Structures are given as structure tokens and as C-alpha cells.
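Worksheet: the structure to be examined is printed underneath.
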Amino acid sequence: MGISRDSRHKRSASGARRAQYRKKRKFELGRQSANTKLGGKRIHLVRVRGGNYKHRALRLEAGNFSWGSEGVSRKTRILTVVYNASNNELVRTNTLVKGAVIQIDATPFRQWYESHYAQVLGKKKATQAKIDEVEGAEKSKSQQKKLAERAATAAVDPLLDDQFAAGRLYAIVASRPGQSGRADGYILEGKELEFYIKKIKVRKKSFCHGQSAHFYFL
């Protein structure tokens, strides 16, 4: 049959079946979803209408992510998919789609923060040697003046600070991996971060409850 994007086969708003007055057309075709997985980078080119090409990402392992409040972007590793509003199966299979909540490696952002503000992120788990290395390094007077000015805006959300201590940040995929061949996005902060942390906790609870019920019936 093939995948078709036309609406002629659908019933009208009143529920009436529409008359079939023509066959399928090439410009109405649809293609199978990419179902981009985590793994070594693998991208296929797909020729589309007008001689253009789509970049169909089959596997991706990294992407560019933006830290909005600091106005900085870094390329970093994608570690795992933790939440998807549309389908839990996409979480279980680590499928990258637009809008998926993922965990990324915090290292590039931590390194930037420590060099920019000369302060340690995630102090709860940081060793004294690390704190001395970052904050106790010798600095010129001009550097000290610069850092003193920056210190006014150096505060980080406590939820984000905890994530830096663990080395993993929650982020959202904003690009479309099956169309552009990239998994780029932004780090979750503020109210949006709180919202998704609640959602992830609820999902984990229901998953654990479902597993225990399954074992009980066995």
C-alpha cells in the first residue's frame, strides 16, 4: 500500500465517507520514521522533492546544546533518553526525536563555567584539591577585576548545581534528527526543569509499581 499523507481517505467532519475520485499521488507520499538511536554517528541521505536531500540520522552520539541563561553552546555527548511525552517505548529503546528529554555529559559546560567565573560547580561532591586548583590559582589584577564583575551573575540554580555534581544534565532535543541529521537542543532550567523532574519521578514510580505487580502475579 505505501505510506500516504493525503486526507482524501479520511471521513468528513460529519462522518460521511468521501468519494474516491483519484488514485494516490507521488507528492502525497510518506516515508518510514527514522527512529534515531544512540550510537556511532550514521546518517543516510534521502533524495526528496525538488532534488533536495534530507539527512536521515539512524544513529547519533553527540549534539550541540545551549545553556540559555549563560548564552553559551557546546558540543557534548548524549548519554540516555529519560522522558518522552508521546510514548514510553521511545524511552526504553533510547530513540532520539524532537521534544525528547535526555541526559547529556556536563563536562564541557562545567569547564567553561570554571574558566569564566573561576568558581567550582557542584561543590558538594568536589574535592578540596579541585576547589584549590580552580579558585586558588594566581591571577593578575585585571583578571581579578574581571572575575569580581562576573561574580554578580555567577549564581546557578540549585537543581542545576546538583546535576553538575553528578556530571549529567537534563536537556531537550529541539532539532529533528530524522530530517536534519542532528540532535541539537538546550539545557533545561527553571520552571521547565522542575516540571520535567516531576514527570520523570512519576514515570519511575509507575514503572517500579508495574514491575512489582508483574512479579506478584507470577
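Quick look at the values:
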quantity: Residue match in the stretch 62-81 (condition: at positive phi and out of contact with any helix residue (DSSP H, G or I) (no Cβ under 8 Å at 6 or more places or on another chain)); calculated: yes
quantity: Selection from the stretch 167-198 of residues that are out of contact with any Asp or Glu (no Cβ under 8 Å at 6 or more places or on another chain), assigned to a loop (DSSP other than H, G, I, E, B) and open to solvent by less than 50 Å² (accessible area, probe 1.4 Å); calculated: GLY181, ALA183, ASP184, LEU188
quantity: Breaking point among (1) modelled with pLDDT under 95; (2) part of a loop (DSSP other than H, G, I, E, B); (3) over 17 Å from ARG168 (Cα atoms), for PHE27; calculated: (2)
quantity: Candidates ARG17, ARG56, ARG92 - the one that is touching a strand residue (DSSP E or B) at 6+ places or on another chain (Cβ under 9 Å), open to solvent by 90 Å² or more (accessible area, probe 1.4 Å) and not hydrophobic (A, V, I, L, M, F, W, C); calculated: ARG92
quantity: Pairs, first within 14 Å of GLY185 (Cβ to Cβ) and free of Cβ contacts under 8 Å to residues at least 60 places away in the same chain in the stretch 52-73, second of a type in the set (A, V, I, L, M, F, W, C) and in a strand (DSSP E or B), C-beta under 6 Å, six or more apart; calculated: none
quantity: Cβ-Cβ under 6 Å pairs, at least 6 apart or on other chains, the stretch 24-38 side closer than 18 Å to LYS10 by Cα, far side of a type outside the set (Gly, Ala, Ser) and loosely packed, with under 14 Cβ neighbours inside 10 Å; calculated: GLU28/ARG5; GLU28/ASP6; GLY30/ILE3; GLY30/ARG5
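The values are calculated or read from the model by the stated rules, or taken from the named source; none is laboratory data. Please read these numbers as outputs of a predicted model, since none were measured by experiment. A quick note on method: Cβ atoms are made from the backbone with ideal geometry, for glycine too, and the neighbour counts reach across all protein chains shown. Calculation scope for accessible area: heavy atoms of the full protein, side chains included, ligands and nucleic acids excluded. Shrake-Rupley method; radii C 1.70, N 1.55, O 1.52, S 1.80 Å.
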